[in-house]
Structure formats: C-alpha cells, structure tokens
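Participant: Starting off with a structure, shown below.
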Amino acid sequence: MSGAGNAVALRSGAIARAAIYAVLIVFAVYYLLPLFVMLVNSVKPLDEIRSGNMLALPEVFTFTPWVQAWSEAQIGVEPTGLSPYFVNSLVMVVPAVLISTFLGALNGYVLTKWQFRGHRIIFGLMLFSCFIPFQIVLIPMARILGLLGIAGTTWGLVMVHVVYGLGFTTLFFRNYYDAFPSELVRAATIDGAGFFRIFQRILLPSSGPIIVVTVIWQFTNVWNDFLFGASFADFDSQPMTVALNNLVSSSTGVKEYNVHFAGAILAALPTLIVYIVSGRYFVRGLMAGAVKG
Amino acid sequence: MPMRLRNQIQDLLPRLVLSPSFVLILIFVYGFIVFTGYLSFTDSRMLPSFDLVGFTNYFKLFGLRHWSTALGNLAIFGILYIVICTVIGLGLAILLDQKIRGEGVLRPVFLYPMALSFIVTGTAWKWFLDPGIGLEHVMHLWGWESFEFRWIKDRDMAIYTIVIAAVWQSSGFVMAMFLAGLRGIDNEILKAAQIDGASAWRLYRRIVIPMLRPAFLSAFVVLAHLAIKAYDLVIALTNGGPGRATELPATFMYSYTFTRNQMGVGASSAVIMLIMIASIIIPYLYSELREKRT
Amino acid sequence: MAFLEIHNLRKSFGDVDVLKGINIAIEEGGFLVLVGPSGCGKSTLLNSIAGLETVSAGEIRIAGRPVNDLHPSERDIAMVFQSYALYPNMNVAENIAFGLEMRGVAKAERDAAVAKVADMLQIEPLLKRRPGQLSGGQRQRVAMGRALVRDPQVFLFDEPLSNLDAKLRVDMRTEIKKLHQALATTIVYVTHDQIEAMTLATQIAVLKDGILQQVGSPEEVYSNPANVFVADFMGSPTMNLMPASLHQANGATSVQIGAVSLPVSEPSEALRAHAGRDIVFGVRPEDVTDVSSADRSARFIETLECGIDVVEPTGADKFVVTRLGEKEVTARVRSSERIAPGDRVPLAFNMDKVHFFDPQTEMRIN
C-alpha cells in the first residue's frame, strides 16, 4: 500500500486529469456524506431535522442530543443512556483482545518455528473457523454458556470472542513469523535458549508491528460485533452495538434522530479513533485477513 | 534430569502450547457444527430435542416462503454487492494509481467505513434514506418537488437500499486490495509494454487487469462470504422489513431459531449457510495453502 | 583417535533419504569442508552435527563423547549461519553475549569475554550498534564473534560467505584461514564453492545425493578425483571429460578420442585391464597448454595440432577452446600467446596428469 504511484501512469492531458480528480472527489463526498449527516444532525434540535434540510449545517447548535445519548436516553426499560453499555463494551473488548492476541502469537510461533506432523491441517482447521457463518454455532454456544454458568455475562462474551478470534490472530502471527528467519531460532537454540526463551527474547521483541495489526483488528471486530452481543448478553452486559440498535429501533415514543446520530457516533468513535491514529496498521490487518496463506 | 527426558519434554512443548487453542477450536467450531448439524435432523422446537426426524426440517425449510425470499434476496444482494464493489473498487484503485496528489488524504477517506460497525452504518443510512427527513426531503427543499426516493419503505426495492449501504461500507476495502495488487505489479513489465506501443487503455485491459487475478479472487471470496453472513446491517437498516421483504438467510435463521421456536428449521438453515460458505472458502484456502507448500 | 567422528550417519525426511550412511573423521584442529551441489545433504549433515536435526541412524562423537542425544547447546559447538542470524533486537555486544547469558555466565565475565572477542575481530566501535546498522562484512564479523566468544570445541560454518560480494568474500576467506591458524580449533565448514573448499580445508568431503563421494586433502581430491562427479565438480574451469576408448597394440597402450590417438605411458594394471573398452578420459585445462608452458618436470608430454574455436583472455592466462572427437576441450595458454579463433596451433598434453574413469561405474581407474 505504501510507496509512490506506479511509474507508468496513464499518459493523459489536462482534461483527463481534471476528470480523474473530479471522479475521485465525487467518491470522497459519497464516502463522507453519511458521516457528515450524522455529525451535523447530532447537534441540531429535533424540529430542525424534521422540518429542515438534513444536509444543511445547524442553525441552532446544541449538545443536548449528545448528553441525552450518553446518559439519559431510554435503552430497553432504563433511561440510562449509552454510557453503561459503552463501559460494557470496553470491559469485554480489553480482555478479549489481549487473550486472543497472546494465544495467536504463541500459535503462530509454534506453527512456523516448531512445526510437527499435521501442523498444516491444524492451521487449515483454525483458518476455516474465521469464515464460518456464526449462525452455525449459536444454538450450542447458548447451551454451553449456560452449562458453564457464564450465560449473559461479560465473561461469556469474552470467551466467545476469544474463541472465534483465534483463527485470525493465529493467521496474522503465523504469516508474520513465517517470514521471520528460522536461522535466528537455530542460532538461539545453539546459544542455549529454550522454547519460551526464544519466543520471549528473540521473536517477541521484533513483533511490534504485527501485535499492533492484530490488536487493532481484534479491537475493531469485537467492538463492532452485534450478533454475539445480541444473542448472548443480558441487559446488564449488553455491548454498545446492541444498545445502539435498541435505541434506534425502539418503536415507542418520538424518533429522536439527533440522539440516534449522536449515539451512532459514540459507538463508532473508538474504532474511528483507532483508524485515524493507526490507519496504516488497520489496512495491513485487512489485507492480511483477505489475502491468506 | 536425564538428557533424553528433557529433550522429550522440549519436543512436546510446542504441541502442549498449541493444544488449548486447538481444543477450543475443535469443540467450539467443529463440535458445534456437528451439534447444529445433528439438531437439523431432529424435531427441536423451543429447546433442543434429540429425536431424529430425518430430512423433515430441510423439506420444511425449502417449502417456506420466507426462506425462498431470503435466498432470492441473497442472490440479488450478493450479486449486486460483489459486482458493484468490484467495479468501484477497481475503478478507484486505477484512478488513485495515476500519481494523484492527495492520495494520502483520499485513500483513508475511501476506507474509513470499514472501521465502522454495521449498526452505525445502518443507522446513518436508515435515516438518510428515510423519505420523511432524508434524501427525498432534501431534494424537495432544494426545489425538485417531483423527486421520489422511498425504496426503504418499498417491499420490492428495500433490498437495494441494503446494497447501497453495504457497498458504501466495503467498496473502499476492495479498492485497497486492488491498489495493493497494482502496486505489486513489476514496473518493468509495464515499461516493456509501453515500449511495445500499448496505449494506456490496452495496457490496463491486456496486461494490468489480467495480472490482478489474485486480487479479484480474494475480493470475490471476501465479499461473497460477507454477503452470506450479512446480518447486522439488515437488522439496523430495515430489520428485515418492510414486512419480511429484506429477509436474508442470516436473519431467517435467527428469527426461526430464537423467536419462532423452530430450532430444527433454524439449524437446517444454518447448515445450508455453512455449506454455501464452505463451497467458496474451502477451495480457496486449499489452493492458497497449497501454493505455500512449494 | 579422531576428534570429530561421524559413523554411518543416516537421515530421512519421510521416505526421502537425505543422508545415506556418512562416515567421516577429522583430527583435532582440522578444517573439514563439506562441499557439493545444492541439495546434496551437506547442510543437513552440518545441522545434524549441530543437533538442529535429529538423525535417523548412526552416531556422532565429539572428542570421544557421543552427542546424538545432546541438545545443541550441550554439544560444545558454535555455529556461523549463512544469513548471520544476528538477533535484530539486540545490539552487537548483546548478540555476542547472548549464549553466555543463557548459560548463566555472570555479567562481568560476559563483558570481559565480549571485549576480548571484539578486540580479536576489531569490532569494538560496533558494539553498541544494532545488526540493521551494519554492513554485510561487519555482520559477518559479529556472527563470528558470537561463535568465538563461546570458545567451543568445534566451529560449524554454514556457507558463511555466500551473502558477501566477490571481493569481500575473498578477504573474509583469508581472515577465516588466519583465525583457524591462530586458534587451531576444529572447524566444519559447508560451502558450494569449490575454490573456498580448496583454499580453506585440511580435509575436503565431497557430497552428492546424500552419499559421500570422496574425503581427502585438497591435493588428493583435486589430483586424484575418485569419480567423474568429483573430477567435474572440483576445479575451475572444470576438467575436460570426454568419451574415449583404450587400445593396446604391440605392448603400447593408447587412448582413442574420436580420430585422435594419444599414447598412454606406464599404464597401471587396472588400466590395462580396460584395453579394448570404452573409458572416460579426463584432463584439466592447466594440463593442456601451449608448448612453451608445458610442465618441465612432466615425463610424458604429447603434442597435438589443434584448431581453435574460441579464445577467452582472463588477464593472467588465456583459455582457448578446441575440439577432440566431438567434445570441446579447454586449454590454458600464456596470455602472451597470439592465438585467434580459426588458428591451428600445437597444444601440449601432460600425460602424467590425465585421468581415466570407467563409463559404467564412473569410478576412477588407477
């Protein structure tokens, strides 16, 4: 993704270049439009949205919708706003990301530097698990969570996200460590370092980029998950996405579009910030997730 | 400790370290697949039952109007989603590859929707496409009184609004995949083609685009499996409505299993989804992992 | 008793036999070079000595101690890798000291050892740098430093010079030789470069397809190659090898190459037994020369009028290509000889140094 453009570009006149820029800008507007709509309408009073132009800047500027979305809006039965669910998501995301990344790193290390008979089939099985439609596991998972006594809890969701994130984290680290020179492992073996010491002293210090990629990927996926949250969370463990959907699609009362938009931005904010701060790594994760093997 | 014993422990260690993850995957993925597969052959309704009833659920499933709607919708949504994302993604990638000033700004703008939750995307588009306050309303205010755009309320057209929102979310990602492919092409090949006198159009049609084959394949696999799994976006945008007009297999499975208490039918629909995805993913993974072998 | 002994070593990956019963022994302070084309098993053999590969059968002894079941770190060996394998996250000093640290050597002692090695290799100014900041030659030195600091019983080198450019490679070759002379430690060295093998080794072992073709001093291997493969592999330009037949008439033996016949003087018993049969005839380019360059100490020189096809000046010498029978033959002549393609010139064959091989077994006929 990095680097300058192709040395051989379309040889084109000024008009053609202007057309290219025009097309690119039109698409930029298309991609930015929904974000713009959410932003401007989240700071308008409700009647200005109803009677006014959705694409216009606010005439009356107000932060009330944000306050309402955060701490007052009716979610389900309680007028708590989204804040407790934001916290639920955080409490769920952090351990889920850390555990799955750590296990993925160890798995990638074993699958590349300590290969044994059958390592390929094991990796294949783990990789396929990234793609299964999760509908196929919903029914038994509900039962198992119940049997383990963690149904409806944040820990239950953490476990679910760790399990179904393992395929991807393993894939990321496997591909990264595959390119890591095996001679370094041999050198360290002769130097007398064992399995864990080699991992800790030789591979881990060089794993910064892939750790960032994996953490971002897992963070984005777990934060944005809806299906597992909707299926396995109780009211007091619901993640942000589920709460937002409850807020937006609740059929009772007046539709407070401005609050919905403010809530949507709140739900998008953590992943958006991660994307803005480290977009490069985000893209690398997407690529690694798409181009396998 | 005797050398041999210590060496044996060292030999076993990697397997020991891998085993927790592998056991988790084995149970929670493959065990669960078997379990759901088994349920699809039972008369489970609200709770799992273990009484086998053969293929009854599958016959029932394919007799249901909702399921045929879901499959029809998946065909419309899947084809349009894949084709439009690919066209836009490839087009933008080629344009961005023309030594564009401001590429560093445009690329992240094209790509940021991928970082958002489908629930957020659905919320934004739900109100933007709402005739009462959204696009139609805006056009009326701008003086285009006859403008009408109420697909999201239209049983026949609502599925296309899902395509619009989904394309918005994923096309930038496809762009990034093609751009990476373009940047990976050996410049000397392009120089050679230019020396051979290929025009820009021919250069792309005859040399560049054929060389992007792997990117096309990856894009297809990723988009196809996302289409089959599409759930959150439908819930947020239309909640399967109006009526059940935007039902997709994923929403079908959920509602039949958990709200209509037809677990057997729900399980069989999940099995069908798995078969659809597996028939795309397994050949792809197989070929990708095989190539690595050499 | 030899210092490093390898007995009937076998190694298979699945049903592929990579090493098929290797027997080598080397005395203390020896410099054994394992040479052969890629895929011949030389690196596998080295890794087996290091303990990085388990062996399928056979025994390895270092200083009389069987090491088959010992972990690589317990074999008292050190290894220099082709890619140098410097730990990218540690600086040079930490790289060199890592092995000592793993063995629980105290910090002060480690520092002293590092300083001593750095002095020996003249890399003190680099000690605080990361491997990424070093040139190829500097990395090579650090890699050697990491091996030296351990003061092992055996050094293992895995194609250590193959990543260096041509000039640096020659310099480092000389340094390794000096180092060996100074330390007198036993070395096993893998390379595919036969010149490296010739210049460094006290013993050369030529491998092909997991089978040891010949072991011996560089002179032995070069002058008395055991078979066609070794003859062809060692030496640059390669030995001229051509199909021929051996004849005996009136008590005189001669070798017939196409239309040309060369008398063979003092044929051995084994050679005479091949009279009337096809053989492979070999002669090195330096043993086919212009008449004035012919080896004066040689007892039998045969001169043949030859047509020249190609002339390749190298500066020091000229190599000219002629034809014997259907095969091209390269000869080495003085660079001052004025020879042009198309000329016919007399070439002197040093018949003391010709080689005969059995075409079926490809083995040398003595």
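Participant: Could you give the Stokes-Einstein D for region C:131-253 in µm² per second, using the C-alpha Kirkwood radius, 20 °C, 1.002 mPa s?
Facilitator: Roughly 127 µm²/s, to the nearest whole number.
Participant: Additional query: Need the list of aspartates and glutamates near B:Lys99 for cross-linking: C-alpha distance under 20 angstrom, and skip anything on the same chain fewer than eight residues off.
Facilitator: Answer for B:Lys99, where 20 Å is the Cα cut-off: B:Asp186, B:Glu188, listed by chain and number.
Participant: Okay, moving on. Across all directions of projection, what mean area in square nanometres is found for the Cα convex hull of chain C?
Facilitator: For chain C, the mean projected area of the Cα convex hull comes to 22.2 nm².
Participant: If you don't mind, there's one more thing I want to ask. Just the ratio, please: alpha-carbon radius of gyration of region A:83-290 over 2.2 N^0.38 Å, N its number of residues.
Facilitator: Ratio of Cα Rg to 2.2 N^0.38 Å: 1.16.
Participant: Which FRET efficiency, nearest 0.05, do B:Ser19 and C:Ala25 yield, Cβ-Cβ r, R0 60 Å?
Facilitator: It comes out at approximately 0.90.
Participant: Please rank C:Leu4, A:Leu157, fewest neighbouring Cβ atoms within 10 Å first, as an exposure proxy.
Facilitator: By the 10 Å Cβ count, ascending: C:Leu4, A:Leu157.
Participant: Oh, and also: Per 0.36 nm of contour for each residue apart, how much would the distance between C:Ser217 and C:Lys128 grow if the chain were fully extended, relative to their Cα-Cα spacing?
Facilitator: In short, 27.9 nm is gained.
Participant: For chain C, what does -39500 (n - 2.57) per DSSP helix run (n ≥ 4), summed and divided by total residues, give at 222 nm, in deg cm²/dmol to the nearest 500?
Facilitator: For chain C, the value works out to -7000 deg cm²/dmol.
Participant: Hey, another quick one. Per DSSP H run of at least 4 residues, take -39500 (n - 2.57); add these up for chain A, divide by its residues and hand me the 222 nm value, nearest 500 deg cm²/dmol.
Facilitator: The helix contribution divided over chain A gives -22000 deg cm²/dmol.
Participant: If you wrap a convex hull around the C-alpha atoms of region C:240-357 and split its volume per residue, what is the figure in Å³?
Facilitator: Convex hull volume per residue, Cα atoms: 98 Å³.
Participant: How big is the Kirkwood radius of region C:87-166, worked out from every pair of different alpha carbons and given in Å to one decimal?
Facilitator: With all distinct Cα pairs of region C:87-166 included, I get 12.9 Å.
Participant: Where in chain A is the longest stretch that carries no trypsin sites (Lys or Arg not before Pro) classed as loop by DSSP and with at most 12 other Cβ atoms within 10 Å?
Facilitator: A:118-293
Participant: Then there is this: Mind listing the Cα extents of region A:14-62 along all three principal axes, in Å, largest one first?
Facilitator: 46, 15, 14
Participant: Non-local amide H neighbours of C:Glu28 (under 5 Å, H modeled in plane, Pro and chain starts lacking H): which ones?
Facilitator: Long-range HN contacts for C:Glu28: C:Phe3.
Participant: Within region B:98-116, which residues have the backbone N less than 16 Å from the label spot 7 Å out from B:Met211 along Cα→beta-carbon, could you tell me?
Facilitator: Of the residues in region B:98-116, B:98-99 have backbone N under 16 Å from the label point off B:Met211.
Participant: Determine by what factor the alpha-carbon radius of gyration of the protein assembly as shown differs from 2.2 N^0.38 Å, reporting the quotient.
Facilitator: 1.24
Participant: May I pose another question? Please sort by residue number the chymotrypsin sites (Phe, Trp or Tyr not before Pro) in region B:132-190 whose DSSP state is loop and whose Cβ has at most 14 other Cβ atoms within 10 Å.
Facilitator: Taking region B:132-190 and a limit of 14 other Cβ atoms within 10 Å, the loop chymotrypsin sites (Phe, Trp or Tyr not before Pro) found are B:Trp142, B:Trp144, B:Phe147.
Participant: Please provide three numbers in whole Å: the alpha-carbon extents of region B:1-97 along the principal axes, with the largest listed first.
Facilitator: 69, 60, 19
Participant: Another one. What are the aspartates and glutamates whose alpha-carbon lies under 13 Å from the alpha-carbon of A:Lys44, with same-chain residues fewer than 8 places away excluded?
Facilitator: A:Glu59, A:Glu256
Participant: Region B:89-145: which GluC sites (Glu not before Pro) are DSSP loop and have at most 13 other beta-carbon atoms within 10 angstrom?
Facilitator: B:Glu145
Participant: Next question. Go through region A:46-127 and name the GluC sites (Glu not before Pro) that are in a DSSP coil and have 13 or fewer other Cβ atoms within 10 Å of their Cβ.
Facilitator: A:Glu59
Participant: Now, a different point. Which longest run of chain A has no exposed loop site in it, a site being chymotrypsin sites (Phe, Trp or Tyr not before Pro) in a DSSP loop with at most 14 other beta carbons within 10 Å, and the site itself not part of the run?
Facilitator: A:117-293
Participant: Additional query: Computed FRET efficiency, Cβ-Cβ of C:Phe300 and C:Thr202, R0 22 Å: what is it to the nearest 0.05?
Facilitator: 0.10
Participant: What is the calculated FRET efficiency for C:Ile195 to C:Ala259, with r their C-beta to C-beta distance and R₀ = 41 Å, to the nearest 0.05?
Facilitator: 0.70
Participant: For chain C, which span is the longest to avoid every loop-located (per DSSP) member of trypsin sites (Lys or Arg not before Pro) having at most 14 other Cβ atoms inside 10 Å?
Facilitator: Result, exposed sites excluded: C:129-276.
Participant: Using the scaling law 2.2 N^0.38 Å as the reference, what is the normalised Cα Rg of chain B?
Facilitator: Working it through for chain B, the quotient is 1.29.
Participant: Given labels modelled 7 Å from the Cα in the Cβ direction, how far is it in nm from C:Ala57 to B:Ile195?
Facilitator: 5.7 nm
Every number in this text was worked out from the coordinates using simple rules, so none of it is lab data. From a predicted model like this one, the values you see are computed outputs, not experimental measurements. Ideal geometry is used to build each Cβ from the backbone, glycine not excepted, and the neighbour counts take in all protein chains shown.
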